[in-house]
Amino acid sequence: MFRFGNPYAFYLLLIIPAIMLLFIWIRYLRNKNLSHLASKHLIPQLMPEVSIVRPNIKFVILNLALFFLIVGLARPQFGKKVKQVKRKGMEIVIAIDVSNSMNANDIQPSRLTRAKQSISQLIDKLNNDRIGLIVFAGEAYNQMPVTTDYVSAKMFLSNINTGMVPVQGTSLSAAIDMGILSFTGDEKMKKSLIIITDGESHEDEPIEKAKEAAAKGIHVFTIGVGSTQGVPIPDGRGFNSFKTDRDGNVVVTKLNEEILKELAMIGNGAYVRASSSNFGLNIILDEIEKMEKKEYEAKIYTDFDEQYRLFYFIALLLLIVDLVILEKKNKWLSGIKLFEIK
């Protein structure tokens, strides 16, 4: 495992192009001043000891030394072994409705965007808890297995959109079924499934799946997103452009609270109605935090060895080389003419 202990040090690399521009400017001014004294072809005769190449070589070496010094400041580290550690937490799987109805903007900026913002804020509050992500519409897919890697969780979350599930509709049964499969087999761990949807189910019997989840010790929480009065669904073709049916009528999406309340009750969880100002995940997280957290084992890299000394040594070596190389020509070396024809 490789990492940098101080990655912000790489911002110092911006110094190198600044130094290069300064060097080019100084060389330009020098050549310009020399051109006023004599013609370009006479300068080597008037200044025989001055080298044109050596200053450039010294400049390259100096920049290399600076580069290795900055890499050293970033503190490269190698983790040489994996350690089993014990942590206390629980497993939380969030199932996100990505059907087209989630593009409705009765919750600003849209139902799905607001859901993603709220989930991101929830991830920031987690500590040692495992989190997984599911996306569903007419079918359900495991977007990310349960993990404590919160950085990856946010990355997967950012890629969620309403076009990622080919089968449209809202299958709550598929979401719950995938949720059951997404948890680990650790029976001691407390497990919570959070379903974020408008509840506009067009199929099957999600009640039976909620009973199955409860029987396995999974708490089912639901968040209702949208308006109960109904709003049109944007079609993405412009402002005030909405989806229509075959007869040309505007398609309206309504929040179905009743089914979501029933699922939460059967699943020993809670139902929350989302709004633009308070999405409801914090309320559910408070309920989840009341559950007893169980101890579990996790693998982490330990004993990270600092490798900065090697880079400091290379930088020092380059600086010594830079000092040894003089800008003027070496008289002894210039006297050696290997290819001179007598």
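Read-outs throughout are calculated quantities, based only on the coordinates presented, and are distinct from any laboratory measurement. Keep in mind the model is a prediction, meaning the values are calculated, not measured. Every residue, glycine among them, receives a Cβ derived from its backbone with ideal geometry; neighbour counts consider all protein chains shown.
For segment 91-292, the relative contact order works out to 23 percent when only alpha carbon pairs closer than 8 Å and six or more residues apart are counted. Summing +1 for each Lys or Arg and -1 for each Asp or Glu among the other residues whose beta-carbon sits under 14 angstrom from that of residue 278 gives +1. Scalar couplings 3J(HN,Hα) for segment 181-192, obtained by applying the Karplus form with A = 6.51, B = -1.76, C = 1.60 to θ = phi - 60°, are 6, 7, 6, 6, x, 6, 6, 7, 5, 6, 10, 10 Hz; x denotes Gly and Pro. Charge dipole (Cα centre; +1 on Lys/Arg Cβ, -1 on Asp/Glu Cβ; no other charges) of segment 91-292 amounts to roughly 500 debye.
Residue-wise HN-Hα couplings along segment 168-173, as the Karplus relation 6.51 cos²θ - 1.76 cosθ + 1.60 with θ = phi - 60° gives them from phi, are 7, x, 9, 9, 5, 4 Hz; Gly and Pro carry x. When both segment 118-149 and segment 205-274 are represented by their alpha-carbon centers, they are found 19 Å apart.
Proximity of backbone amide H atoms, modeled 1.01 Å from N, is registered between residue 147 and 131, 132 at under 5 Å, excluding neighbours fewer than 5 places apart on the same chain. Per-residue Cβ neighbour counts within 10 Å put 20, 102 in the sequence 20, 102, beginning with the fewest. Annotation for segment 97-114 versus segment 163-184: alpha-carbon center distance of 17 Å.
Cβ-Cβ distance of residue 290 and residue 141, R₀ of 41 Å, FRET efficiency by 1/(1 + (r/R0)^6): the value works out to about 0.85.
Residue order for 257, 200, 289, fewest other beta carbons within 10 angstrom first, comes to 289, 257, 200.
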